[in-house]
Amino acid sequence: METTKILKIALIAFVFGGFLIVYYFFNPSFHFFPSCPIYYTTGFYCPGCGSQRAVHLLLHGNILGALRFNPLMVLSIPLVVYGLAITLSNWIFGTRYRFMLFYSKLFIYGYFGLAVLYWVLRNIPGYPFNLLAPHG
């Protein structure tokens, strides 16, 4: 493997590891993390609202707490990690494997539709929809 590729991998690992360390030691509820611009300007929760706090809780092993803040993001993590792992593996080893689910129009439109539905439902006041709003 060439030296440039090794340096790029090290840089990616360093940056990603740095983010994980920051999210582990600093709770986004109480520290310097940016708030959601959509929520700040409109008062409505976006599909990503609560993700920073959910990542913090996941790094501490609190899966149920993370699901309370953003279930869509938490349940999407395995897909994202698998897709990134395939992409990184292809880049490192020069292979051309694909996660075919990401190339399915049904999956792409379905996931986008699910995100929009989640966005709408989590902003409906009252039970049971208020369970989808980030609590904390």
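Of note:
- Arg53 being basic (Lys, Arg), within 30 Å of Ile6 (Cα to Cα) and either in a helix (DSSP H, G or I) or without any contact (Cβ under 8 Å) to a residue 60 or more places away in the chain (or both): no
- Number of residues in segment 112-136 that are over 14 Å from Leu72 (Cα atoms), in contact (Cβ under 8 Å) with a residue 24 or more places away in the chain and either in contact with a strand residue (DSSP E or B) (Cβ under 7 Å, 6 or more places away or on another chain) or open to solvent by 50 Å² or more (accessible area, probe 1.4 Å) (or both) equals 2.
- Within segment 25-46, the set of residues being in a helix (DSSP H, G or I), open to solvent by less than 90 Å² (accessible area, probe 1.4 Å) and hydroxyl-bearing (Ser, Thr, Tyr) comprises Thr42 only.
- Checking each residue in segment 96-110 for being open to solvent by less than 80 Å² (accessible area, probe 1.4 Å) and either within 14 Å of Tyr82 (Cβ to Cβ) or touching a Lys or Arg at 6+ places or on another chain (Cβ under 6 Å) (or both) picks out Phe99, Leu101, Phe102, Phe107.
- Test set (1) more than 15 Å from the chain's Cα centre (by Cα); (2) open to solvent by 50 Å² or more (accessible area, probe 1.4 Å); (3) not polar (S, T, N, Q) - Ile92 fails condition number: (2)
- Members of segment 24-47 that are without any contact (Cβ under 8 Å) to a residue 40 or more places away in the chain and touching a helix residue (DSSP H, G or I) at 6+ places or on another chain (Cβ under 7 Å): Tyr24, Asn27, Pro28, Phe33
- As a summary of the residue check, Ile86 satisfies the conditions (1) β-branched (Val, Ile, Thr); (2) closer than 30 Å to Thr4 by Cα; (3) open to solvent by 50 Å² or more (accessible area, probe 1.4 Å) except for the one numbered (3).
- Output for segment 62-76, where each listed residue is open to solvent by 60 Å² or more (accessible area, probe 1.4 Å) and in a helix (DSSP H, G or I): Ile63, Leu64, Arg68, Leu75
- Set side by side, the residues Ile12, Ile21 differ, and just one is part of a helix (DSSP H, G or I), open to solvent by 40 Å² or more (accessible area, probe 1.4 Å), out of contact with any helix residue (DSSP H, G or I) (no Cβ under 6 Å at 6 or more places or on another chain) and at pLDDT below 90, which is Ile12.
The values are calculated or read from the model by the stated rules, or taken from the named source; none is laboratory data. The structure displayed is predicted, hence computed values, not measured ones. Every residue, glycine as well, gets a Cβ built from its backbone with ideal geometry; the counts of neighbours run over all protein chains shown. Heavy atoms of the whole protein, side chains included, go into the accessibility calculation; ligands, DNA and RNA do not. Shrake-Rupley method; radii C 1.70, N 1.55, O 1.52, S 1.80 Å.
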